[in-house]
Every structure is written in C-alpha cells, then in structure tokens.
Amino acid sequence: MDIKALPIVTLRELRMEDVEDRYRWSLDKEVTKHLNLPDTYPPFTKEETAKWIEMCINKTNGYEQKAIITEDGTHIGWVDLKNIDTFNKHAELGIAIGDRNHWGKGYGQSAMMAMLEYGFTTLALNKIWLRVEVDNEQAIKSYQRTGYVDEGILRQDRYRDGEYVDRLRMSILKHEFENILKEMGLAERG
Ligand SMILES: CC(C)(COP(=O)(O)OP(=O)(O)OC[C@H]1O[C@@H](n2cnc3c(N)ncnc32)[C@H](O)[C@@H]1OP(=O)(O)O)[C@@H](O)C(=O)NCCC(=O)NCCS
C-alpha cells in the first residue's frame, strides 16, 4: 500500500457514549483474540466497559487512550499509549480496529501514524514500542509498513486459551518517524 493512499482518520478523547461500540467489539472473538487488558481478558460486561472508559477519560489508569474516527465520523476503534516512562522517554502502544469491516484497508496504519505523532510531539517521547503475538500476521504487517523494527522475541509472553504464546517486541524511534514524515513530504513534492 502506498503511504499516500492511507485513509484519513482523527483521534479524539474517549466519551461515555463509546461504551456501546466498545462493549459490542469486546464480544467479537476475532477482534479480541490477540488483546488483553491489565489483569483481565475480554469479553467484558457493559459495566466493566463503562468503568474502563471512565478511567481513561479521567486518566486514572495510566493510559492515554483515544478513539479512532473515520473521515465520515464513524467510530472504528481505539489506540493508546501506556507504561509511559517520562525519564527514559518511551511508552508502549496498543491498537485495535473494533469494527472488522474496516480491517486491512489502512485504517490501522493511519491511526498508528496519528498516535505516533501525538507521542513524539505532544508527549515528547523518543521511542514507542509494542508487543504483538507472533501469529498476529495482519498486525505485524501493518506495523512493519509503518516503520516499526523488531527488537526480539519475548518467549511465552502471553497465556492465551490454555497455552503460552511468544510475542514479538517492535519499536520505532522519534528520528525514524521524522524521516518517514520527510519521505512522505518528498514523495508528495516529487
Ligand atoms: C492489527 C490492526 C490494528 C491492523 O489494522 P488494519 O487496519 O487491519 O491494518 P492495515 O490495513 O493498516 O494493514 C494490514 C496489513 O495486513 C494485511 N492483511 C490483511 N488481512 C490479513 C490477514 N488476514 N492476514 C495477514 N495479513 C493481512 C493487509 O494486506 C495489510 O498489509 P499490506 O499493506 O502489506 O497489504 C487490526 O487488524 C486489528 O485491530 N486487529 C484486531 C486487534 C489486534 O490484533 N490488535 C493488535 C494487537 S498487538
């Protein structure tokens, strides 16, 4: 996919009315297969979902979580930064497109770019990293396309459906992201 052809998305703060979408997505096993939240796994009850959203809004859980909105205003997922280390200037990123109709069309990459911009400029981070299960091919492809590089395998890092699964740790540095933006600018001029 050409990076210039990415769909436009915006990130906005979460709202309590997001609970309905988030609850629906948490019941979709295809969406949640590779997801876990601190100390718990989907599906969540509507009450648990509301509690989580409230914590994100009030910023009491250490998450900078934002809603992903398409150009026509549709709420399709979320993206967040957590484990924010302000001394070493890095943070862990998480992302999900909850509406499967929007998978594989570049929305993940586009939302990722928007969150990287936020992390590297507003939060002044130097590195953004993530952990992805080794069999989550779609996510790995999306991250590679964005410019993430491998940092190594975290062995048996997740206990999923009764078995341990390896996770790949990937990251992108601020100067690498800036180079990508420059390349995009050059490509547009050229
Ligand atoms: C991971 C996720 C955010 C990626 O977003 P997305 O919008 O679907 O991804 P993109 O369109 O940006 O890129 C997906 C890439 O995977 C490819 N792809 C699509 N379906 C695929 C599949 N079933 N298997 C492998 N690759 C696939 C696409 O072709 C694209 O690669 P390309 O650009 O080289 O063609 C999204 O799929 C998702 O929310 N999945 C469920 C939750 C999840 O796993 N989150 C990540 C946890 S680490």
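Values computed for the structure shown
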quantity: Gaussian network model of the chain, Cα within-10 Å springs - most flexible of L125, L154, L11; calculated: L154
quantity: Shape of the range 53-134, Cα gyration tensor, a/c cut at 1.5; calculated: prolate
quantity: Three-way shape label, the range 133-190, alpha-carbon gyration tensor, a/c 1.5; calculated: prolate
quantity: Value at 222 nm in deg cm²/dmol, rounded to 500, when DSSP H runs of n ≥ 4 in the chain each add -39,500 (n - 2.57); calculated: -9500 deg cm²/dmol
quantity: Share of Cα-Cα pairs in the chain lying beyond 26 Å, as whole percent; calculated: 30
quantity: Choice from H34, H90, H175 with maximal GNM fluctuation in the chain (Cα, 10 Å cutoff); calculated: H175
quantity: Sequence-distant residues sharing a close amide H with D157 (under 5 Å, placed H); calculated: V165, D166, R167
quantity: GluC sites (Glu not before Pro) lying in DSSP loop within the range 64-162, provided at most 12 other Cβ fall within 10 Å; calculated: E71
quantity: Listed residues T70, T10, T86 arranged by accessible area, highest first, probe 1.4 Å; calculated: T86, T10, T70
quantity: Span-rule helices in the chain, defined as complete DSSP H runs reaching 24 Å or more along the axis (Cα) with Kyte mean at least -1.0; calculated: none
quantity: Relative contact order (percent, whole number), the chain, Cα cutoff 8 Å, 6+ residue spacing; calculated: 18
quantity: Solvent-accessible area per residue for the range 3-130 (1.4 angstrom probe, square angstrom); calculated: 50
quantity: R100 accessible area, assembled protein chains, probe 1.4 Å, Å²; calculated: 110
quantity: Accessible surface of the range 3-130, 1.4 Å probe, proportion on carbon and sulfur as whole %; calculated: 51
quantity: Of Q109, Q156, Q65, the one that fluctuates the most in a GNM where the chain has Cα springs shorter than 10 Å; calculated: Q156
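The values are calculated or read from the model by the stated rules, or taken from the named source; none is laboratory data. Please read these numbers as outputs of a predicted model, since none were measured by experiment. Note that each Cβ is placed from the backbone with ideal geometry, even for glycine, and that neighbours are counted across all protein chains shown. For the accessible areas, the whole protein counts, side chains as well, though only heavy atoms, and no ligand, DNA or RNA atoms are used. Shrake-Rupley method; radii C 1.70, N 1.55, O 1.52, S 1.80 Å.
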